[in-house]
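Notes follow the structure.
Bear in mind that the values in this text are calculations on the coordinates, not laboratory data. Owing to the predicted nature of the structure, the values given are computational and were not obtained by experimental measurement. Heads up, the Cβs are rebuilt from the backbone with ideal geometry, glycines too, and the neighbour counts pull from every protein chain shown.
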Amino acid sequence: MQKGTKIALFVALAAAALFFGWRFKSDYTRLMNDTDSKPDADLLNPKVRDYQEKVVETKTDYHLGAWGAALVVSVVLFGLMAAHEASQYFGGRALKVLYDDYADGIASPDYEKAEQEWAKGNHLEAIRLMREYLTANPREQHVALRIAEIYEKDLENHLAAALEYEEVLKQKLPPERWGWAAIHLCNVYTGKLNQLDKAVVLLQRICTEYSETAAADKARKRLDQLVAEGMIPPSAARPAPTTEASPPAPTLPPGFGPKKA
């Protein structure tokens, strides 16, 4: 969804909430005033109703239920949109901070041009420019992560996003950052692509190859959660750490034994 459309929706929902709230308050005030204006019953001289007199029904046009329901719906929709935008914003900020080692070249005019195209809503053009920039600056994997983020959040092409994250994991990254990029890919596997098997394999790899990182702690908790939900067997939650094989003992000629200390 383009930025202009989002702003228009926010304004429309806010205006609708204000309008429905005003109508609800107005009708509620009229109802209270009409109730207070009715004379109290005379307990000493009660009036006997004339049943032959034609009864005229009192017409009400308060519509409190309709205005109240409309107010609640507009407020809920506004809150959901605001929460979605906030999660995208802070998620993007966290991803950029995580990869700040690669941020030296972001001030480049070529990269800024790509970000300007993204801000205009030209997401595919922004990806094209970012790919050109990444080709010229292959060490700046932050740009590759930005491409994956655009595929995932703006274009909602989760398969393409997963492929981009997979390419990032093929690069030589610091252990902690490799682990967190892998965690993000696992979230795409499980949350969008329904590829639990790939997510489990990747989580196990984080635990075994990067066991001392904070990302590995997160991976272990995620595996435990999958076990608790009955999605994987308990044996899959604690993969055995990989160990290097011991070098073979040297072969000695017949009649010779190992040298004693």
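Which residues does a label at S235 reach in the stretch 172-205, if reach means a backbone N under 16 Å from a point 7 Å past the Cα toward the Cβ?
Backbone N within reach: 201.
Between the stretch 65-85 and the stretch 187-211, what is the C-alpha centre distance in whole Å?
Taking the Cα centre of the stretch 187-211 as reference, the centre of the stretch 65-85 is 36 Å away.
Evaluate Rg over Rh across the stretch 173-242, taking Cα atoms for both radii and Kirkwood's formula for Rh.
0.94
Give me the net charge for the shell around Q225: Cβ to Cβ below 15 angstrom, other residues only, Lys and Arg +1, Asp and Glu -1.
+2
Could you calculate the FRET efficiency of A69 with L9 from 1/(1 + (r/R0)^6), where r is the beta carbon distance between them and R0 is 25 Å, rounded to 0.05?
The pair A69/L9 has a calculated efficiency of 0.80.
With the crude spin-label approximation of a point 7 Å out along Cα→Cβ, what separation in nm comes out for E212 versus E176?
For E212 paired with E176, the spin-label model returns 1.3 nm.
Rg to Rh ratio, the stretch 106-171, alpha-carbon atoms and Kirkwood radius?
0.95
Any idea how far apart D197 and A160 come out in nm if each label point goes 7 Å out from Cα toward Cβ?
2.7 nm
Taking the beta-carbon count within 10 Å as an exposure proxy, list T208, T213, T135 from fewest neighbours to most. Don't skip to the end; give the middle numbers.
Values: T208 14, T213 19, T135 9.
Ordered from fewest to most neighbouring Cβ atoms within 10 Å, T208, T213, T135 come out as T135, T208, T213.
Fewest Cβ neighbours within 10 Å first, please rank K192, K170 accordingly.
Ranked by crowding around the Cβ, least crowded first: K170, K192.
Given labels modelled 7 Å from the Cα in the Cβ direction, how far is it in nm from K221 to N33?
Those two pseudo-labels are separated by 5.6 nm.
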